[in-house]
Each structure stands twice: as C-alpha cells, then as structure tokens.
Amino acid sequence: MLVLGTGGVSVFALQFAKAAGARVIVTSSSDEKLARLKELGADELINYRKTAQWGETVREMTDSAGADHVIEVGGAATLDQSMTAARVGGHIAVIGSLGNPTGLVTVTQLLRKHLRLTGLLVGSRRHQLDMVRALNATGIRPVIDRHFPLEAMADAFRYQASNRHVGKIALDI
Ligand SMILES: NC(=O)c1ccc[n+]([C@@H]2O[C@H](COP(=O)([O-])OP(=O)(O)OC[C@H]3O[C@@H](n4cnc5c(N)ncnc54)[C@H](OP(=O)(O)O)[C@@H]3O)[C@@H](O)[C@H]2O)c1
C-alpha cells in the first residue's frame, strides 16, 4: 500500500494497513516526519520534495510491480504519480485534494494499467461500525499530535495550516 503524506487520514491508513499485514510505503515532505512514521511501522519512506518522480521510486521499491492500493489525498496534484506508482489492476482510493485541484492526468496510464479509481466522501454508518470493530479487535489507537480546547478551534486550524503535525489534531469537547 502507498500512503501519501503524514496527516490524520494517512497515518490512520498506515495503522490499518499494518494491522492487516500490508507492506506500506509512505511519502512526506519532511525527513523528520518520515522517521516518525517509520516508528509507527512504515516499511519504505520517500521524501516527495527530494524525489519528484516518486511514482517511479515506488515501482523500483516493488520490483517494478507497483502498489496494490494507493491512499490518494493530494488530488490532481499527485494523481498522475499515484497512477505511475500503482500496479496493473491496482486500486486508487481518491480521498482528498490537498494540492492544486486541477492538473494533468495521463488517461492512457489509467487505460493501459486497468486501474480502478474510487472516489469517497465520508463513508457510510456501516463503514463506521466496521471501523470501530476493527479498532477494538486490533487495539489501534489514533495518533493525536495535539489537542485544543473547543474555544481554541481557530488555533487548531492555524496549527493544521502550519503543517507541523503528524496524525490527528483533536478538539476537547
Ligand atoms: N473523503 C473523505 O471522506 C475525507 C475525510 C477526511 C479528510 N479528507 C480529505 O483528505 C485530505 C487529508 O486530510 P487530513 O485530515 O489527513 O489532512 P492533514 O492532517 O492536514 O494532512 C495533510 C498532509 O498531507 C500531506 N500533503 C499535503 N499536500 C500534499 C501533496 N501535494 N502531496 C502529498 N502529500 C501532501 C502533508 O504531509 P507531509 O507534511 O508529510 O508532507 C500534510 O501534512 C484532505 O484533503 C481532507 O479534506 C477526506
């Protein structure tokens, strides 16, 4: 599995993937954050600032096979590299659009590799219950970087925008 970045969605994806026995490759803009994800079980690390063609690097790390699943949070800014990183018949879960919302997508990659792209905007109640069951079964606990009192919600958003966090930012209610 390939996981993009070290935010709340991606770190949770890493935790679930490791609990399911997957080999997980993580990208980040920061070597320090990558070191933290190594501690959380990431198998391979790529700094996407230093390695612009990180899709090719994922292929090299997987003996040219590519990733079975990609957790895609970058959107159009990263989709082309994610498609390069995915294996033939691979799956890309399109969950976020953190980068530029428009960009070039090489449609021939999609065709040639028989890729499946699944858009998702908040799962169903069934998904939530299944996730809670998985949390209870595995003992996974969310990685909370910092928490703020509810009244300081604006500070929480400012902290998120500063991009210093790894994992989740929580509000105390
Ligand atoms: N579809 C849904 O149901 C759903 C649910 C929740 C969230 N989302 C969306 O999913 C995305 C991630 O949410 P989040 O809560 O995990 O955000 P977050 O905690 O703010 O994490 C964002 C992280 O993504 C990485 N990142 C930012 N720009 C990137 C880029 N161009 N390429 C690769 N990585 C990049 C950065 O990691 P590094 O600092 O390590 O580089 C950043 O820390 C957002 O777009 C959010 O709106 C969707």
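Quick notes on this one:
- Filter result (near the ligand (Cβ under 10 Å from one of its atoms) and either without any contact (Cβ under 8 Å) to a residue 60 or more places away in the chain or closer than 17 Å to LEU121 by Cβ (or both)) within the range 80-91: GLN81
- Every pair of residues 6+ apart whose Cβ atoms lie under 7 Å, when the first sits in the range 157-171 and is under 23 Å from ARG141 (Cβ atoms) while the second is open to solvent by 60 Å² or more (accessible area, probe 1.4 Å) and within 8 Å of the ligand (Cβ to nearest atom): ILE169/GLN160
- Checking each residue in the range 1-51 for being more than 14 Å from the chain's Cα centre (by Cα) and within 11 Å of the ligand (Cβ to nearest atom) picks out SER30, ASP31, GLU32, ARG36, ARG49.
- Listed conditions (1) surrounded by 14 or more Cβ atoms within 10 Å (Cβ to Cβ); (2) more than 23 Å from GLU32 (Cα to Cα) are all met by GLU56, apart from (2).
- Tally, over the range 103-127, of residues that are within 14 Å of the ligand (Cβ to nearest atom), assigned to a loop (DSSP other than H, G, I, E, B) and either open to solvent by 100 Å² or more (accessible area, probe 1.4 Å) or over 26 Å from GLY8 (Cα atoms) (or both): 2
- The strands (runs of 3 or more DSSP E) located wholly in the range 1-81 that include 1 or more residues which are of a type in the set (S, T, N, Q) occupy 25-28, 44-47.
The values are calculated or read from the model by the stated rules, or taken from the named source; none is laboratory data. Please read all numbers here as calculations on a predicted model, not as lab measurements. For neighbour counting, all protein chains shown are included, and Cβ atoms are generated from backbone atoms with ideal geometry for every residue, glycine included. Accessible surface is based on the protein model in full, side chains and every heavy atom, while ligands, DNA and RNA are left aside. Shrake-Rupley method; radii C 1.70, N 1.55, O 1.52, S 1.80 Å.
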